[in-house]
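*Asks:* One structure is given below, represented as structure tokens, and several questions about it will come after.
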């Protein structure tokens, strides 16, 4: 994952160019646990499986289309710092206009290559770089999957506030993560030819495929961090496993935009993640930032498995290198 998750607004553009938001990874940096988030990918490199990720929202098309997605993503470490992930999404499109037929089918298969370039446990900072490839022609065009590849160089980062002084100890459970990607379609434009039904003349229609800046961030407050690294308030154990957060997942066309415009679309996603020993569960609202992004609040949910905690000497082990002792505070519960 690895996606977006909101692809509303310019439906065909967004479906094609926004990397999957299924965001699969969990990362430990010092005392800091960066969970897998639902709207953007986090900066980690781990063995994990997100299945299923489901969402439902109304797009910004006129008239709106009710879109529902079911997706999954598997990530495998090749080395301790390098991983490859594979993701796919099945989409249902149901127009609100009963005279317009619906559609359903797979989006294009996506592969993400991710390398962790920096990790500072003392300051709870981590950064990774990578490349997302959407394989054109592997999905159904009737749900917006393009017949050409799209390449997205990516940067991810995460920073925990655990190095704050004692005066601000109540802020130490806070962390921020972010990602920036630049989606580059392999084809600049597509020209289709047809016969005008009125005049019978041959006509041509050209659609330009813009280059899109995919960007987003999260702000999180980790109750597990509060209990384990700041103070144990004696809260119920269920609360001690929660990470409330707010995500922003945005897309801005910035080049080759003759037929798409340059309006930023996306969502703000408040929600919560419950962290367990072998898996986590998350749910968020999808709040459109403008009319082009959607017409109603949607919802997204995800079940995410920590393969490196489930089977650290098998499927959760890097292909090259031995198993690493998990830092998950719940791994031995």
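*Asks:* With the condition kept exactly as written, say whether any residue in segment 266-284 is over 21 Å from the mean Cα position of the chain (by Cα), modelled with pLDDT of 95 or more and exposed (fewer than 15 other Cβ atoms within 10 Å of the Cβ).
*Replies:* As a first pass, look at segment 266-284 and keep what is over 21 Å from the mean Cα position of the chain (by Cα): 277.
Now drop any that are not modelled with pLDDT of 95 or more, which leaves none.
No, segment 266-284 contains no residue that is over 21 Å from the mean Cα position of the chain (by Cα), modelled with pLDDT of 95 or more and exposed (fewer than 15 other Cβ atoms within 10 Å of the Cβ).
*Asks:* Further question on the same structure: Provide a single number: the residues in segment 153-174 that are assigned to a strand (DSSP E or B) and out of contact with any helix residue (DSSP H, G or I) (no Cβ under 8 Å at 6 or more places or on another chain). Explain how you work it out, then say what you get.
*Replies:* Initially, segment 153-174 is screened for residues assigned to a strand (DSSP E or B), giving 153-160, 174.
Next, from what is left, pick out any that are out of contact with any helix residue (DSSP H, G or I) (no Cβ under 8 Å at 6 or more places or on another chain): 153-158, 174.
Counting residues in segment 153-174 that are assigned to a strand (DSSP E or B) and out of contact with any helix residue (DSSP H, G or I) (no Cβ under 8 Å at 6 or more places or on another chain) gives 7.
*Asks:* Considering only segment 251-264, how many residues are buried (at least 19 other Cβ atoms within 10 Å of the Cβ) and either over 24 Å from the mean Cα position of the chain (by Cα) or under 26 Å from residue 275 (Cβ atoms) (or both)? Working first, answer last.
*Replies:* So the first thing to find is which residues in segment 251-264 are buried (at least 19 other Cβ atoms within 10 Å of the Cβ), and the list is 251, 253, 260.
So of that shortlist, the ones also either over 24 Å from the mean Cα position of the chain (by Cα) or under 26 Å from residue 275 (Cβ atoms) (or both) come out as none.
So the count comes out to 0.
*Asks:* Scan segment 101-116 for residues that are within 26 Å of residue 77 (Cα to Cα) and assigned to a strand (DSSP E or B) and jot them down.
*Replies:* The answer is 106, 110, 111, 112, 113, 114, 115, 116.
*Asks:* Filter segment 55-70 down to residues that are within 11 Å of residue 96 (Cβ to Cβ) and in contact with a helix residue (DSSP H, G or I) (Cβ under 6 Å, 6 or more places away or on another chain) and give me whichever is surrounded by the fewest Cβ atoms within 10 Å (Cβ to Cβ).
*Replies:* 61
*Asks:* Related question: Is it fair to say residue 138 is out of contact with any helix residue (DSSP H, G or I) (no Cβ under 6 Å at 6 or more places or on another chain) and either over 29 Å from residue 92 (Cβ atoms) or not in a loop (DSSP other than H, G, I, E, B) (or both)? Spell out the reasoning first.
*Replies:* Values: out of contact with any helix residue (DSSP H, G or I) (no Cβ under 6 Å at 6 or more places or on another chain): yes; either over 29 Å from residue 92 (Cβ atoms) or not in a loop (DSSP other than H, G, I, E, B) (or both): no.
So residue 138 fails the test.
*Asks:* In this structure, is residue 164 under 22 Å from residue 32 (Cα atoms) and at pLDDT 95 or above? Outline the logic, then answer.
*Replies:* Working: under 22 Å from residue 32 (Cα atoms): yes; at pLDDT 95 or above: yes.
Yes, satisfied.
*Asks:* Next up: Mind telling me which of the residues 73, 48 ends up being buried (at least 16 other Cβ atoms within 10 Å of the Cβ) and touching a helix residue (DSSP H, G or I) at 6+ places or on another chain (Cβ under 6 Å)?
*Replies:* Numbers: 73 fails: touching a helix residue (DSSP H, G or I) at 6+ places or on another chain (Cβ under 6 Å).
Checking each option against the conditions leaves just 48.
The values are calculated or read from the model by the stated rules, or taken from the named source; none is laboratory data. Nothing here was measured: the structure is a model prediction, and the numbers come from that model. Neighbour counts are summed over all protein chains in view; Cβ atoms, including those assigned to glycine, are modelled from backbone coordinates with ideal geometry.
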